1. So which residues in the stretch 84-112 are under 24 Å from ALA222 (Cβ atoms) and either outside the structural domain of PHE36 (by TED's automatic domain parsing) or touching a Gly at 6+ places or on another chain (Cβ under 7 Å) (or both)?
2. Would you confirm, using the coordinates I've provided, whether GLN76 is in the same structural domain as LEU168 (by TED's automatic domain parsing), over 19 Å from ALA35 (Cβ atoms) and part of a helix (DSSP H, G or I)?
3. What is the residue count in the stretch 167-195 for residues that are in contact with a helix residue (DSSP H, G or I) (Cβ under 9 Å, 6 or more places away or on another chain) and among the β-branched types (Val, Ile, Thr)?
4. Check off (1) among the basic types (Lys, Arg); (2) touching a residue at least 40 places away in the same chain (Cβ under 8 Å); (3) closer than 27 Å to GLU133 by Cα for LYS96 and give me the number that stays unchecked.
5. If you scan the stretch 16-52, which residues turn out to be over 30 Å from THR224 (Cβ atoms) and within 24 Å of the chain's Cα centre (by Cα)?
6. For the stretch 206-243, give me each residue that is surrounded by fewer than 19 Cβ atoms within 10 Å (Cβ to Cβ), modelled with pLDDT of 95 or more and hydroxyl-bearing (Ser, Thr, Tyr).
7. Is it fair to say THR10 is closer than 27 Å to THR129 by Cα, among the β-branched types (Val, Ile, Thr), assigned by TED's automatic domain parsing to the domain that holds SER213 and over 22 Å from the mean Cα position of the chain (by Cα)?
Amino acid sequence: MPRKVNVISTCFNEELIQGSTQEDNLQRAMNMLDAFSELKPDLICFPEVFLVTGGDHHHETPEELTQQTYHALSKQAERLNSYIIASVHEWIGGNKYVAAWLFDRGGKMAGRYLKYYPTDGEMKLDGITPGTEIPVFETDFGKVGIAICFDIGYPDLWHSLKSKGAELVVWLSAYDGGFPLEAHAWLNSYYVVSSVRTNHSKIIDKTGKVLASTSKWGGWTARTIDLEKQIFHIDNQYDRLLEIQRRLGSKVTIESFSQENIFTIESNDQEWPLTRIQELFKLETYKEYHMRSENVQQSKR
């Protein structure tokens, strides 16, 4: 069945909030969440250590404020009936980490990710301890992975998330990230949602295409994505697209990419899951086509 997920990502436009306190930044997040009610979000994302003041990456957060932030986000997740992912500095067992919290729709902690690849400066100057696990979290709409900032530079982490079943990866950061995020999305065939302290938080399709982005003046962006959307190679099947469109009309969304020789199909009707469409029109996914080709290659070697 189609799995439509309403995603909201935020940015904190650091250059616009110079001089704001951590309490100001928490209130800013609360003001955003108050404005999102009518959007019926399934997932809302906030940046890496979003409480820190503009430009001050090494500011300590009092334990009382960390707890206040936890409870505030928990209450908002329950009120909005939405998952929320947000990052803070957190002390655990005497060590300081860059943590990402995942709250479920009831406001309970559904998971915690500790930044696996902190920078040299974070470890030496800020006392950050690296995490030891790369988990994937179960939600009621699918499997979600989390990465934080410098994790962007380690393809093994992104591949590990894929191998563990991630269908969407949320990347929380202090900077925009740019093209590598699109590459990770394409190479692993999952959605990537970034949330940054700069200007351009993005919702990126599994094809690597940027579907939506925040801007310097707009601190949030929203988009509905479908985790069931499939990628297909054009070989031997591009001539079926017009027939699919004729038969199913608005029940499907078809997008073709001529430079990459691929197309995607997304179902808009519960009665027409992708499996039914694939069976009826004898479609082979991009992955299936490659696997079939590899089997023939091996038999010829």
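The values are calculated or read from the model by the stated rules, or taken from the named source; none is laboratory data. These figures come from a predicted structure and were not determined experimentally. Neighbour counts are summed over all protein chains in view; Cβ atoms, including those assigned to glycine, are modelled from backbone coordinates with ideal geometry.
1. Within the stretch 84-112, LEU102 is the sole residue that qualifies.
2. Values: in the same structural domain as LEU168 (by TED's automatic domain parsing): yes; over 19 Å from ALA35 (Cβ atoms): no; part of a helix (DSSP H, G or I): yes.
Here the answer is no, as GLN76 does not meet what is asked.
3. Summing the residues that are in contact with a helix residue (DSSP H, G or I) (Cβ under 9 Å, 6 or more places away or on another chain) and among the β-branched types (Val, Ile, Thr) in the stretch 167-195 gives 2.
4. LYS96 satisfies every listed condition except (2).
5. First, the residues of the stretch 16-52 that are over 30 Å from THR224 (Cβ atoms): 18-24, 52.
Within the stretch 16-52, VAL52 is the sole residue that qualifies.
6. SER213, THR224
7. Numbers: closer than 27 Å to THR129 by Cα: yes; among the β-branched types (Val, Ile, Thr): yes; assigned by TED's automatic domain parsing to the domain that holds SER213: yes; over 22 Å from the mean Cα position of the chain (by Cα): no.
Here the answer is no, as THR10 does not meet what is asked.
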